[in-house]
Amino acid sequence: MDVPFLDLRAAYLELKHDIDAATGRVLDSGRYLLGPELAAFETEWAAYCGARHCVAVGSGCDALELALRAMDIGPGDEVIVPAHTFAATWLAVSATGAEPVAVEPEPATFTLDPERVEAAITSRTRVILPVHLYGHPADLAALSEVAERHGVRILEDAAQAHGAQAYGRRVGAWSTTAFSFYPGKNLGGFGDGGAVVTDDAELAERVRLLRNYGSREKYRHEVRATNFRLDELQAAVLRVKLAHLDAWTERRAAVAARYLDGLAGLDGIVLPRPAPWADPVWHLFVIRSADRSALRERLAAAGVETLIHYPVPVHRSEAYAGSRQAARAQPVAERLAREVLSLPIGPHLSDDAVKAVIEAVRGAVAAC
Ligand SMILES: *Cc1c(COP(=O)(O)O)cnc(C)c1O
């Protein structure tokens, strides 16, 4: 049985009737930007997260950049980022002129190690930017304590963690948080999208200003900013999908539970190990293998498509060549980049597909 990594069309087909109605409603309305769908989605997404305000923007990367800019982060400032993450986390910091400062992850959860974060704080540090990677929340309780002790802020990158909880509290309800609605994310549109969620009314207002040419009133520009808007079509689609997010998350968790059970005890692979205080949303199911390329080839031969998130640590990417970060070794992140392998997961993965993946991994490990 062939198992593709992710079938994005499945979510559309499940909700085709409602999505077609919603997009038709927008097209018929003649209102395509900054209209009622956007406002309604912002209200609904803030409520879902348990936060007071939501400002939707053009992408997850925009959400990170605008949240940082709204916090007045810029040249001369340092922002602590995970050494192991998708490059967008770093690039958003760099876009403000601030320096991303890499800190190693805890290998069990793939998220920022709070002790190492504390050790990396300098007089220039302004923000700690944890990433809830693969859907597993970072240790927000420990990080909040560190942030408080040092008088720095937290901005969460929850691009992969819609609805995840740490200590029974949703990401987005702890501190200012950036989300992405890129099509492949747990809540995704049919194009780019993102949002900043916060309890801070002033910060929300700054993001609102920054996303639309620094303008609240037409032709009055209060600050220099460009265009980071989310359109009405995407907002309407996200509203339809939001009603199904919890059911989809449950299905992801059921797939993850079957993988954890079916792959337990295999020699040569390390399974993800959620922290006892975490309710992850399983954006990805990432295993580790010292012999990753052989494993990956055998899985491909068995029809199972896998991906690598991410093969090059950000400080080793060309974009950061010659930077202070590139000069620092990050052995944990470098090892993860060599070993991680993502198995297919998603709300529409069938039981048969899950079984086929488990059998393929078991067979591939036995043959290694
Ligand atoms: C996807 C992602 C982003 C960026 O989101 P876009 O909507 O693609 O700009 C940022 N951080 C992480 C961890 C992501 O996975």
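Computed from the coordinates by the stated procedures, all read-outs in this text should not be read as laboratory data. Predicted model, so just to flag it, every value in this text is computed and none were measured. All Cβ positions, glycine included, derive from the backbone under ideal geometry; neighbour counts span all protein chains shown.
In whole Hz, what ³J(HN,Hα) sequence does the range 198-213 give by Karplus (6.51, -1.76, 1.60; θ = phi - 60°), x for Gly and Pro?
Result, rounded to whole Hz: 7, 8, 8, 4, 5, 5, 4, 5, 5, 5, 4, 5, 5, 6, 10, 6.
In the range 113-236, what percentage of the DSSP-assigned beta bridges are antiparallel, given to the nearest 5?
On the way: 9 of 15 bridges.
The answer is about 60 percent antiparallel.
Between their Cα atoms, which of LYS16/LYS185; LYS16/LYS355; LYS16/LYS218 are more than 30 Å away from each other? Working shown, then result.
Numbers: LYS16/LYS185 19 Å; LYS16/LYS355 28 Å; LYS16/LYS218 36 Å.
Distance filter (> 30 Å) returns LYS16/LYS218.
Mind ordering 80-86, 1-7 by average Cβ neighbours within 10 Å, highest first? It would help to have the intermediate numbers written out before the result.
Details: 80-86: 26.4, 1-7: 15.3.
The peptides rank, most packed first, as 80-86, 1-7.
Mind running the shape call on the range 30-85? Use the C-alpha gyration tensor, a ≥ b ≥ c as the square roots of the eigenvalues: rounded below 1.5 for a/c, prolate if a/b tops b/c, oblate otherwise. Intermediate values should be presented prior to the final figure.
Numbers: a/c = 2.46, a/b = 1.92, b/c = 1.28.
It is prolate, given that a/c is not under 1.5 and a/b is the larger ratio.
Could you work out the relative contact order of the chain, using alpha carbon pairs under 8 angstrom and six or more residues apart, expressed as a whole percent? Intermediate results must be reported in sequence, preceding the final value.
Details: 768 pairs, mean separation 83.2, N = 368.
Normalised by residue count, the contact order of the chain is 23 percent.
Most mobile of LEU230, LEU34, LEU209 per a Gaussian network model of the chain (Cα springs, under 10 Å)?
Comparing LEU230, LEU34, LEU209 in a Gaussian network model of the chain, the most mobile one is LEU34.
Can you compute the equivalent ellipsoid semi-axes for the chain, i.e. the square root of 5 times each eigenvalue of the Cα gyration tensor, sorted largest first and rounded to whole Å? Walk me through the numbers on the way to the answer.
On the way: eigenvalues 215, 150, 57 Å².
Each semi-axis is the square root of five times an eigenvalue, giving 33, 27, 17 Å.
Classify the range 154-234: rounded, prolate or oblate, from the alpha-carbon gyration tensor (a ≥ b ≥ c, eigenvalue square roots; a/c under 1.5 rounded; otherwise prolate if a/b is larger than b/c)?
On the way: a/c = 3.20, a/b = 1.47, b/c = 2.18.
Here the range 154-234 falls in the oblate category.
Please grab the % of Cα pairs in the range 245-367 that end up more than 27 Å from each other.
Details: 1887 of 7503 pairs.
So the pairs more than 27 Å apart make up 25 percent of the total in the range 245-367.
Let me know the shape class of the range 217-286, please: from the alpha-carbon gyration tensor, a ≥ b ≥ c as square roots of the eigenvalues, rounded when a/c is under 1.5, otherwise prolate if a/b is greater than b/c, or oblate.
Numbers: a/c = 4.06, a/b = 2.44, b/c = 1.66.
Taking the square roots of the gyration eigenvalues as a ≥ b ≥ c, the range 217-286 is prolate.
Stick to the Cα atoms of the range 103-157, pair each with every other, and give me the Kirkwood hydrodynamic radius in Å at one decimal. Intermediate results must be reported in sequence, preceding the final value.
On the way: mean 1/r = 0.0900 Å⁻¹.
Kirkwood radius, the range 103-157: 11.1 Å.
Which loop-located trypsin sites (Lys or Arg not before Pro) does the range 260-368 contain, where loop means any DSSP state but H, G, I, E or B and the Cβ has at most 15 other Cβ atoms within 10 Å? Mind showing how you got there, number by number?
Details: sites: ARG288, ARG292, ARG296, ARG298, ARG316, ARG324, ARG328, ARG335, ARG338, LYS355, ARG362; in loops: ARG324, ARG328.
Hits after loop and neighbour filter: ARG324, ARG328.
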